[in-house]
Amino acid sequence: MFNRRLLVPYLRPSAVLLAVILILAVIDGSHGRFLSSSIVFSVLQMFATVGPIALGVGMTMIIREFDLSVAGMVGMAGCIAVLTGGDNPWLGLAAAVGTGLCTGLLQGFIIARLKLPSIGVTLGGLLVFLGVSYALTGSRSIQYDDLEVAGLLGQHIFGFFSIPSLIILVIFAVVALIFGMTKLGRDLLAVGGDRRAALSAGIRVDTLLIGTFAFSGALAAMCGALLGYSLASAAPTGLSNVLVPATTAAILGGVSLSGGTGRPLGIALGTLTLSVLQSGLNALGLSSYAHEIFVGLVLLAIAILDGTAFNARLDMLRLALRRS
Amino acid sequence: MSTPSTVDRPGFRAPSALRLASRGTLMITVLRVVFLAALAIIALSSPGFLSAASLLSLVTTASFVGCVAVGMTLLTMSGNIMSFSLGATVSATTLVFTAALLSWGIVPAILLSLMFGALVSLAQGLIIGWLGANPLVVSIAFFGLLIGIAPWCTDGNSLFIPPGSGQELLRGKLFGLPIEFLLMVGVAVIGQLLLTFTVFGRNLMMVGSSRRAAEAAGIRVWRTTASAYLWAGLFAAVPGMLLAARYSKGNMDYGATFDYDAITAVIIGGTAIEGGRGSIVRTIIGVVIMEVIRVILLLNGFRQEWQYLISGITILAVILLQTTIARK
């Protein structure tokens, strides 16, 4: 029953996560600042912020596309939710997620049907979303009056969880189940690995492309709406760095920008790594720069190890050493 | 908006000459002319557009992004899509320039800044070209390293340049024109000369349009890639120095939006995002279009933020029109 090959995609993400925990624990020594119960909540809170975007962007990376527009969508969805959810937060959430879904569908449609590069199209989307959120808010931060919602979203549930982190954990679980149990996961990996082969194998590539961008848009929108409610305010985020942590989390989770690799659970592990790192360094009182540097180094190492010419160059060096 | 003539080069595909004949190109040309004419009419009818102050501000701010966009064009054309770390390179260069200026004076500061930009970018070019690493991931990694290491060195503070330290050399005017503008023109001319007249430029376009074909033709792809990154870093160091000199301050926020602004200009100018086709002249036109839109909005009392919406729509329109019409 136990299939070892199923575990292979998770080996590296788990190893990186364990390494991060170990390093932080060693730095902490016996102070008990890192391995405490309060840190679990903060890790999960960060997980809830980065997770949805990482999952959406990660899925577009699995099919060998890239959704830059999430960076604009998070801000715009927050503004939409706060503006329309004044009487009923559900209405605001629905409006935001609906907008994310529709714009995602539209972008996916343009990319799939017109065969346009996704970076160009989603860059256009990013700037449009950013512009709309400035226009909606008049470039100001807007307040959400229903503070009860913010309180509710920030509440501890079962000690460690909160509503946003429970939502995203459930989403990850559902997506991972669908990805692993149905044909969908295999098809998505095939689209990312070799699109022409996928097409001739009868996979409906266009539908999957459009669906993935809609998924990514909806998740980013949900994240923005929840963020807006939790902070009880929303503001146009500028070209804030939503994209870099999300992409980093996906890459740490075993997704590659050259497509065809990665799993939703891997993305969850990658997001967890990033969250543990940030919360851990915070708890240890290290500056936020340490986080950036560490993430940069890990990403660089992954990029180098995954380099298409890495093995060939290694052999070249070995030969040269032997000759001399 | 003409691409340099490349027809007479042996072994080089000549898209411009062949495509000129097609109806699609004619339509694109008509659309371009209409767009530029409309933009010009709106600009000229905006009160105060032609005033010296607004033109001066237009030219100066366009110059900073312009230098980055020239470098970005080389990266896009070489098939590496875009970089997320050129803006951070600009910001870090402001710190390097400031620190070097305070310690050793203006000439070593300029040299060190250029070296810093070139080396940071060359390292990425080597990792991408020689090891075959993914360009976007490498640039994100370097973004993290730059914004992590640079403020760590300065404890997160800005560095200030006291007046009279020699930074006056890099601001002010020469022949009645802002020095920022002159340097940007210099960078653009160097970039276009590199593309049009050197073996590197020819190889770059070939690598960008088909990496495999370039390898088969005996081009050492990794060298071309590394050189493209080297130049891009060198060009990004220029606005770094200029910004530090202009505001007498080294600060990590200066280049924050430059990556997006630069790739926007590259795409609006009409350089293909998948690589192989494009020119510096087009990118500069893209930069000018964006700046003109910004100034028009400001003069007509709109907030500058509307620029994002218009840039986004323009990008989408350019990509849609260019690809769909060209394919017909």
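So how strong a dipole does chain A carry about its Cα centre when Lys and Arg Cβ are +1 and Asp and Glu Cβ are -1, to the nearest 20 debye?
The calculation lands at about 1420 debye.
Return the calculated 222 nm mean residue ellipticity for chain B, to the nearest 500 deg cm²/dmol, obtained by summing -39500 (n - 2.57) across DSSP H runs with n ≥ 4 and dividing by the residue count.
Computed mean residue ellipticity for chain B: -24000 deg cm²/dmol.
Please rank B:T324, B:T61, A:T273, fewest neighbouring Cβ atoms within 10 Å first, as an exposure proxy.
Going from least to most buried by this count: B:T324, B:T61, A:T273.
Distance in nm between label sites at B:L39 and A:S324, each 7 Å beyond Cα in the beta-carbon direction?
Taking the two extended label points, one gets 5.2 nm.
Could you go through the range A:68-83 in sequence order and give the Karplus-derived ³J(HN,Hα) for each residue, using 6.51 cos²θ - 1.76 cosθ + 1.60 with θ = phi - 60°, rounded to whole Hz, and x for Gly and Pro?
6, 5, 4, 4, x, 5, 4, x, 5, 5, x, 5, 4, 5, 5, 6
Please compute, for peptide B:311-320, the average count of beta-carbon atoms on other protein chains lying within 10 Å of each residue's beta-carbon.
6
Give, rounded to the nearest 20 debye, the magnitude of the charge dipole that the protein assembly as shown has about its Cα centre when Lys and Arg contribute +1 at Cβ and Asp and Glu contribute -1 at Cβ. It would help to have the intermediate numbers written out before the result.
Details: 38 positive and 24 negative charges, 479 e Å.
About 2300 debye.
Can you tell me the FRET efficiency between A:L284 and B:R303 if r is taken as the Cβ-Cβ distance and R0 is 45 Å, rounded to the nearest 0.05?
Here the calculated transfer efficiency is 0.60.
For A:S233, which sequence-distant residues (separation of 5 or more, or a different chain) have an amide H within less than 5 Å of its own amide H, given hydrogens modelled in the peptide plane?
Long-range HN contacts for A:S233: A:Y144.
At A:R140 and A:N88, where each label point lies 7 Å from the Cα along Cα→Cβ, what is the point-to-point distance in nanometres?
In this crude spin-label approximation the distance works out to 2.8 nm.
Computed FRET efficiency, Cβ-Cβ of B:A217 and B:V189, R0 35 Å: what is it to the nearest 0.05?
Working from the Cβ atoms, E equals 0.80.
I'd like to know which of A:V16, A:S30, A:L55 lies farthest towards the positive end of the charge dipole of the range A:4-158, counting +1 on Cβ of Lys and Arg and -1 on Cβ of Asp and Glu.
A:V16
About the Cα centre of the range B:52-322, how large is the charge dipole given +1 on each Lys and Arg Cβ and -1 on each Asp and Glu Cβ? Please answer in debye to the nearest 20.
Numbers: 13 positive and 10 negative charges, 102 e Å.
My answer is approximately 500 debye.
Summing -39500 (n - 2.57) over the DSSP H runs of n ≥ 4 in chain A and dividing by its residue number, what mean residue ellipticity at 222 nm do you reach, to the nearest 500 deg cm²/dmol? It would help to have the intermediate numbers written out before the result.
On the way: 14 runs with 240 residues, N = 324.
So the helix-based figure for chain A works out to -25000 deg cm²/dmol.
Could you go through the range A:36-44 in sequence order and give the Karplus-derived ³J(HN,Hα) for each residue, using 6.51 cos²θ - 1.76 cosθ + 1.60 with θ = phi - 60°, rounded to whole Hz, and x for Gly and Pro?
Those phi angles translate into 10, 6, 5, 6, 4, 5, 5, 4, 5 Hz.
Label points 7 Å out from Cα along the Cβ direction at A:T182 and A:S233: separation in nm?
4.2
Extension gain A:M316-A:I23, at 0.36 nm per residue separation less the Cα-Cα distance, in nm? Walk me through the numbers before you get to the answer.
Details: separation 293, 0.36 × 293 = 105.48 nm, distance 3.33 nm.
The A:M316-A:I23 span can extend by a further 102.1 nm.
Among A:E65, B:E305, B:E168, rank each residue by its count of other Cβ atoms within 10 Å, from fewest to most, as a rough exposure measure.
Placing the least packed residue first, the sequence is B:E168, B:E305, A:E65.
Could you please state, rounded to a whole Å, how far the C-alpha centre of the range B:22-81 is from the C-alpha centre of the range A:49-77?
30
Which FRET efficiency value, to the nearest 0.05, is calculated for A:L114 and A:R204 with the Förster distance at 25 angstrom and r the Cβ-Cβ distance?
Efficiency at R0 = 25 Å is approximately 0.90.
Express the relative contact order of the range A:4-288 as a whole percentage, based on alpha carbon pairs under 8 Å and six or more residues apart in sequence.
RCO, the range A:4-288: 39 percent.
Over the range B:52-322, what is the relative contact order in percent, taking alpha-carbon pairs closer than 8 angstrom and at least six residues apart?
Details: 483 pairs, mean separation 99.4, N = 271.
This gives 37 percent for the range B:52-322.
Taking Cα pairs under 8 Å and at least six residues apart, what relative contact order does the range B:226-328 come out at, in percent?
20
Using amide H atoms built in the peptide plane, which far-off residues or other-chain residues are under 5 Å from B:K249 H to H?
Residues meeting the amide H criterion: B:I161.
Would you work out which of B:S91, B:A217, B:N134 lies farthest towards the positive end of the dipole of the range B:52-322, given +1 charges on the beta-carbon of Lys and Arg and -1 on that of Asp and Glu, about the Cα centre?
Farthest towards the positive end: B:A217.
To make sure I understand, if each residue's beta carbon is the centre and we count other beta carbons within 10 Å, what order do A:Y229, A:Y289 fall in, fewest to most? It would help to have the intermediate numbers written out before the result.
On the way: A:Y229 27, A:Y289 19.
Listing A:Y229, A:Y289 from fewest to most nearby Cβ atoms yields A:Y289, A:Y229.
A short reminder: the numbers here are calculations on the coordinates, not readings from a lab. Not measured: the values here are computed from a predicted model. Every residue, glycine as well, gets a Cβ built from its backbone with ideal geometry; the counts of neighbours run over all protein chains shown.
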